[in-house]
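The values are calculated or read from the model by the stated rules, or taken from the named source; none is laboratory data. Since the structure is predicted, the reported quantities are computational estimates derived from the model, not experimental observations. Methodologically, a virtual Cβ is constructed for each residue, glycine included, from the backbone with ideal geometry; neighbour enumeration extends over all protein chains shown. Ligands, DNA and RNA are excluded from the accessible area calculation, which covers all protein heavy atoms including side chains. Shrake-Rupley method; radii C 1.70, N 1.55, O 1.52, S 1.80 Å.
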Amino acid sequence: MAARVLDGVAVANQIRAEVAPEVAAFSARTGRPPGLAIVLVGDDPASEIYVRGKLKSAADSGLRADLERLPAAATLAQLLEVVERLNRSDTYDGILVQSPLPVAMGPDAERRIFDAIRPDKDVDGFHPINVGRLVQNRAHLVACTPSGVIELLDRSGIAIAGTRAVVIGRSDIVGKPMALLLLHRHATVTICHSRTPQLATVAAEADILVSAIGRPAFVTPEYVKPGATVIDVGITSLTDRATVERLFAAGSKRRDTFERRGAITIGDVHPAVEQVAGALSPVPGGVGPLTIAMLLKNTLTAAIQRAG
Ligand code: NAP
């Protein structure tokens, strides 16, 4: 039987519909809307799309959202200056520096920038103070993608407490905060990564399996316990025809999209998992829209806290 599809678009719309009146109330009370500053360095095409989506969504919800652009050749010092100015500004409650940063900025540029953003404006939840608070289960600003996954599970009626959860991926921005959030909700959590032996066997013990590795169709049915909930965080733009033809049947919707556009967006989860999982978040239309919805929610939270 095909898995139930967890509709990230619908859940994100619900969250946005809840945020909008609160934004209006905040604006009425303080005389200004919550403000979000997004900083984009360079012209990475995927980042351009993400940033456009964030700006539009924020504006639709009544937030003030402004874009600061820096050229690809900008230095780390210039970017730090922009962050410092935004830190001091009364207009902006939230600051988001879009990653990835240009390689020329150096290998630790992202960490240095995330460290420089004021913790109370850190709507990405990446600052070490906010990560520390998350570890202690007292964070106000939590990374948007993992907290979006929790919303998707909760609002789809999927219980977390008492379950066995496996997270594949241990990045600071997705895997680790995801595991902590599941732990705080009383799941028994295992984190897997590229050095985990017998990964499929470990994953197949999960009632809730979250994959955040960025390897297209990596999670095949042998990774999935029948009836498990599978959350696919991975996003890959697939342009290789042979792989697309191997994964999707001729005449299928995905194949048609590939023929039209020359690329399709897919996740970490193999299409055949649909026949094994009990519930599954699709890519696109699963976790992605929730990441943006949680960014709006975090900006509102930051604004309310800052306004006192
Ligand atoms: P990342 O920093 O590159 O981390 C990837 C993680 O996957 C690492 O921990 C790595 O293990 C692990 N990994 C890679 N190959 C593996 C393998 N063969 N077996 C087991 N583990 C493996 O990536 P990220 O920033 O966390 O993002 C992960 C994916 O989520 C990407 O596709 C990204 O585009 C997507 N994403 C989506 C959203 C959204 O809104 N939906 C938001 C953020 C990210 P090691 O640590 O051992 O190297």
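Restricted to region 268-293, and to residues that are surrounded by fewer than 19 Cβ atoms within 10 Å (Cβ to Cβ) and touching a residue at least 60 places away in the same chain (Cβ under 8 Å), which residue is nearest to the ligand (Cβ to nearest atom)? Of everything passing the filter in region 268-293, Gly285 is nearest to the ligand (Cβ to nearest atom).
Look at Asp172 and say whether it is open to solvent by 50 Å² or more (accessible area, probe 1.4 Å), within 12 Å of the ligand (Cβ to nearest atom) and not polar (S, T, N, Q). It is true that Asp172 is open to solvent by 50 Å² or more (accessible area, probe 1.4 Å), within 12 Å of the ligand (Cβ to nearest atom) and not polar (S, T, N, Q).
A single entry from Ser156, Ser211 fulfils the requirement of being closer than 23 Å to Ala10 by Cβ and in contact with an Asp or Glu (Cβ under 6 Å, 6 or more places away or on another chain): Ser211. The residue that is farthest from the ligand (Cβ to nearest atom), among those in region 181-194 that are among the hydroxyl-bearing types (Ser, Thr, Tyr) and surrounded by 14 or more Cβ atoms within 10 Å (Cβ to Cβ), is Thr188.
Taking each residue of region 192-204 that is closer than 16 Å to Ala277 by Cα and looking for partners that are part of a helix (DSSP H, G or I) and open to solvent by 30 Å² or more (accessible area, probe 1.4 Å) with beta-carbon atoms closer than 7 Å, six or more apart or interchain, yields Ala200/Glu222; Ala204/Glu222.
Of all residues in region 209-267, exactly one satisfies the criterion of being touching a residue at least 24 places away in the same chain (Cβ under 8 Å), among the β-branched types (Val, Ile, Thr) and touching a Phe, Trp or Tyr at 6+ places or on another chain (Cβ under 8 Å), namely Ile264. Looking at region 125-151, which of its residues are open to solvent by less than 40 Å² (accessible area, probe 1.4 Å) and in contact (Cβ under 8 Å) with a residue 60 or more places away in the chain? Scanning region 125-151 gives Gly125, Leu141, Val142, Cys144, Thr145, Ser147, Gly148, Val149, Glu151. Looking across region 215-245 at every residue that is under 17 Å from Ala2 (Cα atoms) and open to solvent by 20 Å² or more (accessible area, probe 1.4 Å), the one that is nearest to the ligand (Cβ to nearest atom) is identified as Tyr223.
Looking at region 152-162, can you tell me whether even one residue there is in contact (Cβ under 8 Å) with a residue 40 or more places away in the chain, within 15 Å of the ligand (Cβ to nearest atom) and open to solvent by less than 10 Å² (accessible area, probe 1.4 Å)? Within region 152-162 (the criterion being in contact (Cβ under 8 Å) with a residue 40 or more places away in the chain, within 15 Å of the ligand (Cβ to nearest atom) and open to solvent by less than 10 Å² (accessible area, probe 1.4 Å)), the answer is yes, since at least one residue qualifies. Examine region 195-206 for a residue that is more than 30 Å from Asn87 (Cα to Cα), part of a strand (DSSP E or B) and open to solvent by 20 Å² or more (accessible area, probe 1.4 Å), and state whether such a residue exists. Scanning region 195-206, I find no residue that is more than 30 Å from Asn87 (Cα to Cα), part of a strand (DSSP E or B) and open to solvent by 20 Å² or more (accessible area, probe 1.4 Å), so the answer is no.
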